[in-house]
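Below is one structure, written out as structure tokens; the observations come after it.
The values are calculated or read from the model by the stated rules, or taken from the named source; none is laboratory data. Just so you know, these numbers come straight off a predicted model, no measurement behind them. Because the Cβ atoms are built from the backbone with ideal geometry, glycine has one as well, and the counts that use them run over all protein chains shown. Heavy atoms of the whole protein, side chains included, go into the accessibility calculation; ligands, DNA and RNA do not. Shrake-Rupley method; radii C 1.70, N 1.55, O 1.52, S 1.80 Å.
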Amino acid sequence: KIIQTGKELESSEHGRMRALGGTTIAWGGQSLPFYPIDFSKRDWVENSGWPLPIEEVQSYYNEANRFMGVDEVDYEDDVFRMLGMKKQSFNRDELRYHFSKWAPEPNFKKLYYNTLESSVTVLYNAVATRINVNDNKLADNLELTNFNSEKATIPVNNLLIATGSIEASRLLLASDAQAKGGLGNHSGWLGKCFMEHPCIEIGIVSPPNQYKLQQAFNTHLYKKRKYSVRISLAEKAQYEQKVLNASMGIMFDYKDGRVDPYIEVRKYLNEKKINSIPSLFANMGAYLLSAKALLFDKLIYKHNARARAVVMMEQEPLKESAITLSDEVDAVGMRKASLNWQISHKTWDTVVYASGVLKRELKRLGFGDLNVHAHINSANANWASHLTDVNHHMGGTRMSAMPDDGVVSTDLQVWGHPNVYVCSCSVFPTVSHSNPTLTMMALCIRLVNKLTAEK
């Protein structure tokens, strides 16, 4: 457990996995790249700007997608052509209409267990509690502790910290025996700018034609791969409105426990059996529509489903949104992490603006009325309570071009410690609206290529 002093991070425990495969044993497998504006210095976004050009990361996206089992077509025109879908004519100065892609098997333990077993030594029941460095500031060994309070050290050649944002920051902060404030904290940035992707349901869509709405905005299937529609704020709109990056989607579900016809159709197609004969006849029309949508339009269609509009946003990086060490210790005697999660009002400004744009554009294009919830307004003083987290822990070991401005270099090396690296979303200076795994994987592949080339 961690100590929380700011807005509650609901995923503070279940969003962190101490297991082979890490958080991939629990995630959905969604892949989406960052965009040029996400790497840019923006005068309206505090602490924005990456210290390397986006091209440095983009060049590794295809390799990262291959590792995840995701195809390498682009996230816009290629997918529309592949699915035979019409690209809706949103106002391009305000909205981008594109896709995210899903890994067929998101669990990396299942994908790579045999490779790991043959080439990697895994230590179980051992918690890394401190990094010890020598007089040359090189990591010399890693201290381990188990739940019987037994300690051991293992020697280090190159140390790659591949944990989540909270644990990466915590380990570096706890390694303060030879470096005041922890390894990489010479600049005062260690643990700072913890970020998530604040998320909120903004309203319910009432469509004149439900099939048309789902055909344009629901998830599609092609060759057993999922593709989800995303509607994101255009760069021009972000610059003109001085808002953060954000992505919207329409989620189709049932709130009253009704049978989902899509799930029943998939079950029949896969297993050639149904759960209930009465259910089959009572819902025959819905089943036929779902089967037609799947077979002919590659569409996951959910008849008479509720259409919930949801926004997921970039979080402005704030130094006061920080991970520190508390005075409490855990079961292995290590100081617990303390999180002060803070979100700026710019996030709420983005929610209000995005809601208005989506409502107007859905109406203009004939998809129906977006009934925006009453609390989505600029005057809401309790705005932060409506935002939730989505298990995307980022920031804390900020990447920088110069030692005084962050924790790690553009090569992910902890400043001042030549053989210590951080392979984690914790290095992100800003976080886009995109699911972070693809960009994190690209950075890690880039680092591994560098280290292997130096051998």
Taking 0.36 nm per intervening residue step and subtracting the Cα-Cα distance, what contour gain separates Thr115 from Arg364 on full extension? 84.4 nm
Could you give the length gained by full extension between Asn382 and Glu76, i.e. 0.36 nm per residue of separation minus their alpha carbon distance, to one decimal place? 106.5 nm
Once both axes come from the Cα atoms, what is the angle between helix 345-364 and the longest principal axis of the chain, in degrees from 0 to 90, rounded to 10? 20 degrees
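222 nm [θ] for the chain, helices only, -39500 (n - 2.57) per DSSP H run of 4+, per residue, to 500?
Working: 13 runs with 128 residues, N = 455.
Computed ellipticity for the chain at 222 nm equals -8000 deg cm²/dmol.
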In degrees rounded to 10, the 0-90 angle between helix 261-271 Cα long axis and the longest Cα principal axis of the chain is 80 degrees
Once you list every other residue whose beta carbon is under 12 Å from the beta carbon of Phe428, what net charge do they have if Lys and Arg are +1 and Asp and Glu are -1? -2
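By its C-alpha gyration tensor, with a ≥ b ≥ c as the square roots of the eigenvalues, how is the range 386-455 shaped: rounded for a/c under 1.5, else prolate for a/b larger than b/c, else oblate? Show your work: numbers first, answer last.
On the way: a/c = 2.83, a/b = 1.57, b/c = 1.80.
It comes out oblate by the Cα gyration axes.
Run the numbers for Met402 and Ile204: contour at 0.36 nm per residue of separation, minus the present Cα-Cα distance, in nm. Show your work: numbers first, answer last.
Working: separation 198, 0.36 × 198 = 71.28 nm, distance 4.66 nm.
Between Met402 and Ile204, full extension yields an extra 66.6 nm.
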Alpha-carbon centroid distance for the pair the range 320-341 / the range 55-108, whole angstrom: 38 Å
Once the Cα atoms of helix 165-174 and of the chain are each reduced to a long axis, what angle between those two axes, in degrees from 0 to 90 to the nearest 10, is obtained? 10 degrees
Which of the lysines could a cross-linker span from Lys336 if the Cα-Cα distance has to be under 23 Å and same-chain partners fewer than 8 positions apart are dropped? Lys1, Lys7, Lys151, Lys180, Lys192, Lys319
If you roll a 1.4 angstrom probe over the protein chains with everything in place, what fraction of the accessible area of the range 304-455 belongs to carbon and sulfur, to the nearest %? 52 percent
Rounded if a/c is under 1.5, else prolate if a/b beats b/c, else oblate: with a ≥ b ≥ c from the C-alpha gyration tensor eigenvalues square-rooted, which is the range 282-425? prolate
Which value, in debye to the nearest 20, gives the size of the charge dipole of the chain about its Cα centre, when Lys and Arg are +1 and Asp and Glu are -1 at the Cβ? 1580 debye
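Test of the criteria: in the range 293-328, which GluC sites (Glu not before Pro) are in a DSSP loop and have at most 12 other Cβ atoms within 10 angstrom of their Cβ? Intermediate values should be presented prior to the final figure.
Details: sites: Glu314, Glu320, Glu328; in loops: Glu314, Glu320.
Those satisfying the criteria are Glu320.
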